[in-house]
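Below is one structure, written out as structure tokens; comments come after it.
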């Protein structure tokens, strides 16, 4: 998770500062309403990220160049992909003026270029070796929860008709999306440009579409390898996601808003959102409770151990019929688990962009939470612990009595010694048998 | 009728009407670059109307004029709020309320007064002053109740103050609009209570909002049904099974209405048909959760400290239930019900199909189980594995959980074992066809659950074996093979933690730490439980068991932070690491007594 500041402070005072891994935003709220004056409230909000880059003034000692940023990120994308991880790189944040309709010059296009150059460079290196690889790309756009292929000529009237589905073997996919086998860097650039051109044309047809649409450029990277002298494959998927500039394109927008701000939804159409938030919140609460029950049954000393409750627990007790957005659906295999997720949020340090900056950082900060945690059932544990305790007690008694016998026998004559040892052995056998039966 | 300026009353009304159309209809088409264009035009018109009214101020009936001005202040207030000019909006709305204050309980003012308060509620919520919003909205609620108690006749709609006599609304229409305004009050209050974390109250107000939508026919059936079904899930988490069932029954009934009357929009495309089928399946999934939660909650009440049915508890609860049966009826009358409308009978019939009280014996549990299982089939019809992997598996997991809780109520060990076998049969094929690269979390859950289920079956076989005179070789074989399967799935889970280079991580991430340790711990125990007459084999098993216990002890020594997550398991592992070698030594000594 990182954030990046690259716009210059055209809109007035600089209100953002970067302090290590923390981005701080000062609120000098200028109320633009006719009837009000300067708001005297001034407060600083801080967001923590894994990396923060400052790209405003090249003279600044903290300055991070584009090349440096994508060298950092691109390298980790590449090394992950080679090892078979699924990678997801998000870019989110206000696009600079004039760049609204293009993915060129955005973090995503930089990373696409960088990643592909890296992939093909490696391919050349290994061309004559045992490892050979295959690169396929696809490019799609999600607008208003509908999907279309950016690399295929489609029906002008109904371009957004593709369905998202899941396959048990190959994961989430878009039905009918074209995949293009590419063999060199140039071909990919051509495809990328073709797709981007299509996005721009669409924007003139559909009302300001590109600021409200997400685009996903997917690279399927398959390496043929020999494992124990048997041919095998390492497959990885790299998703480069250009998130919509406008937060209104995000279907969970309302949902987020209602949990963050106090704003009332005016229309009854949003009743569903209110109710699901209600159900979701109460569910989180109740599942916490049930975790406590489980641990306290296991052992009371666990009841207040926070790390226990974060990893154990039961499956979702209730079902909230709220569909994931298509974006989340398509990327679920890339969030959490054996995958690497990188989120780049670009913001402007200018005071005029306060609202957008805040919402971008909030979005990026929330994005950390969408990564799923594993939940497993531990029902067998309670009984197992109890049984094991009993066995330990038995073992202790057994070993103790053996010690006792040994000490006693050393003082006794040989005749009786034999008998006693025999007796103890018989007892022990019984204990062993009953333990086996448990 | 008041005489107004030069352009006449009809002209004034026309202007007002145009302003309203601009504000509510035209504004939706405004371009993104100029989003408030129509709102600004509407505002200009409203101000013109206000000027015209002021010109005619003298000599006329003051009250009538005051009310008309209040209408304008209201419209202007809403207009300013809509265009994000909150302070100006507030002033207008306040002025509206001042003008109406003395007459707020009369039929020509009450609706407007409530709507002004609604809007002030919204306005203050936008300023993050939720308590202030609450005051306005609760006052609106109280005013509605007082008016309905004292007068109750359908009051005038605010727009009627700028209508010619012959255009005035019917009583029916008036009532509909008034009730709609009040429904909004309740809906806003629901949100306010939610923000104030008064969750129960929020749920109650959501429920009432749904009920009123139904009564005043202001709803889209599919959407309504889904909302009711979602609300049922809230009640589930609060263990309010009667309310939950009521919401679900109403959801099913209203949804079936939607299916019967295919409206133009519902039936148009394939996609819409698909959506409708999906909604139906989603409601079915809410029902599954209902059955499951009811059974599981009953299990919690009935189980003893090792998870077995406690017969004393069972008798106690049965006696208690008998006593409470009469009181239940009373409780029902207190709850908010979707009872006023014509669907009442169908909802009742739906409710009778499944109980809402805790099942206390196998027979009762089975009935709920069967209802749940039917909904599993219904949900699976839409959420097929091909295309909806995650959803499908979640449903299968619920199905498995239904069998698991039913097994709790089953007294006969053999039959109980068969129920767990059913779980294995449904989980195992999915688990094996799933690619963990794309479904890592879910396949880990399945692995753990399969391991757990095999463990349970092994336990049951041991218990069955203990009742026999002596363990026959067949039972021993069975026990060992179940234990081996349990080990296999714990190992699969542990393998899933390996990185792409197949190396087990040196340091376990916090989110997998406990599951991994528990898996190791269980494997250690399972090796200790394998039955063999071959002492050498027994030694080997003990050695393996020791290695797994040692893993826990060593790991915690190396990373003391891990201790917190597995205190009990660690304590026991330490004991075993201390005891097992001595035990093994004894066994070895027995094997070769002369060495």
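Read the figures in this text as sums done on the coordinates, not as results from a lab. Predicted model only: the values in this text are computed from it and were never measured. Glycine also receives a Cβ, built like all others from the backbone with ideal geometry; neighbour counts cover every protein chain displayed.
Okay, helix-only estimate at 222 nm for chain B: each DSSP H run of n ≥ 4 adds -39500 (n - 2.57), divide by all residues, round to 500 deg cm²/dmol; what do you get?
Numbers: 21 runs with 437 residues, N = 595.
So the helix-based figure for chain B works out to -25500 deg cm²/dmol.
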Helix B:37-55 sits at what angle to the longest principal axis of chain B, using alpha carbons and giving 0 to 90 degrees rounded to 10?
-> 40
At q = 0.16, 0.19, 0.22 Å⁻¹, what base-10 log of I(q)/I(0) does the Debye formula yield for the range B:201-320 when every alpha carbon is treated as an equal point scatterer in vacuo?
-> -0.80, -0.98, -1.17
Average partner chain C-beta neighbours within 10 Å, per residue of B:300-313?
-> 1
Roughly how many nanometres apart are two label points built 7 Å out from the Cα toward the Cβ at residue B:50 and residue A:389?
-> 7.5
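So what is the relative contact order of the range B:107-179, in percent, for Cα pairs below 8 Å that sit 6 or more residues apart?
Values: 64 pairs, mean separation 27.3, N = 73.
Once normalised by length, the contact order is 37 percent.
Within 10 Å of each residue's Cβ, count the other Cβ atoms and sort B:534, B:310 from fewest upward. Walk me through the intermediate numbers first.
Details: B:534 9, B:310 16.
Result, fewest neighbours first: B:534, B:310.
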Over the range B:157-210, the quotient of the Cα radius of gyration and 2.2 N^0.38 Å is 1.55
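Could you estimate the translational diffusion coefficient of the range B:389-512 from the Stokes-Einstein equation, with Rh from the Kirkwood formula over C-alpha pairs, at 37 °C and 0.692 mPa s, in whole µm²/s?
Numbers: Rh = 15.8 Å.
After rounding, the answer is 208 µm²/s.
If R₀ is 41 angstrom, what is the calculated FRET efficiency for the pair residue A:26 and residue A:76, using the beta carbon separation as r and rounding to 0.05? All intermediate terms of the calculation are to be shown ahead of the outcome.
Details: r = 31 Å, r/R0 = 0.77.
Working from the Cβ atoms, E equals 0.85.
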Tilt, helix B:413-433 to longest principal axis of chain B (alpha-carbon atoms), in degrees rounded to tens, equals 70
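Tell me the Kirkwood hydrodynamic radius of the range B:308-442 in angstroms, computed as one over the mean inverse distance between distinct C-alpha pairs. Each step should come with its number before you reach the end.
Values: mean 1/r = 0.0557 Å⁻¹.
Hydrodynamic radius (Kirkwood, Cα only) of the range B:308-442 equals 18.0 Å.
Take every residue in peptide B:280-289, count the Cβ atoms of other chains within 10 Å of its Cβ, and give the average of those counts. Working shown, then result.
Values: counts 0, 1, 5, 2, 2, 4, 5, 1, 1, 5.
Per residue, the average neighbour count from other chains is 3.
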May I ask for the equivalent-ellipsoid semi-axes of the range B:69-112, computed as the square root of five times each C-alpha gyration tensor eigenvalue and listed largest first in whole Å?
-> 21, 9, 7
So what is the diffusion coefficient of the range B:1-150 in µm² per second by Stokes-Einstein at 25 °C and 0.890 mPa s, using a Kirkwood Rh over Cα pairs?
-> 152
Taking every alpha carbon pair in chain B and sorting the distances into 20 angstrom bins from 0 up to the bin holding the longest one, the percent per bin comes out as 15, 35, 27, 16, 6, 1, 0
Hey, what does the equivalent ellipsoid look like for the range B:146-251, semi-axes from the Cα gyration tensor as sqrt of 5 times each eigenvalue, largest first, whole Å?
-> 32, 16, 11
What is the list of residues in the range B:498-542 whose amide nitrogen lies under 18 Å from a point 7 angstrom out from the Cα of residue B:463, following Cα to Cβ?
-> none
Expressed in angstrom and ordered largest first, the alpha-carbon extents of the range B:455-592 along the principal axes are 48, 33, 29
Volume per residue, Å³, of the convex hull around the alpha-carbon atoms of the range B:102-147?
-> 53
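Is there a simple number for the mean count of other chain Cβ atoms within 10 Å of the Cβ of residues in B:431-443, and what is it? Write out the running numbers ahead of the final one.
Working: counts 0, 1, 2, 3, 7, 2, 14, 17, 8, 8, 11, 5, 3.
The shielding value for this peptide is 6.
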Rounded to the nearest 10 degrees, the helix B:110-126 long axis (Cα) sits at an angle to the longest Cα principal axis of chain B of 50
Roughly what would the spin-label model give for residue B:506 and residue A:136, points 7 Å off Cα along C-beta, in nm?
-> 3.8
Only Cα pairs under 8 Å and at least 6 apart count here; give the relative contact order of chain B as a rounded whole percent.
-> 7
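Treat the count of other C-beta atoms within 10 Å as a stand-in for reagent exposure and order B:71, B:222, A:269 from fewest to most.
On the way: B:71 25, B:222 22, A:269 11.
With the sparsest Cβ surroundings first, the list reads A:269, B:222, B:71.
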Largest first and in whole Å, give the semi-axes of the range B:393-455's equivalent ellipsoid, each being the square root of 5 times a Cα gyration tensor eigenvalue.
-> 24, 10, 9
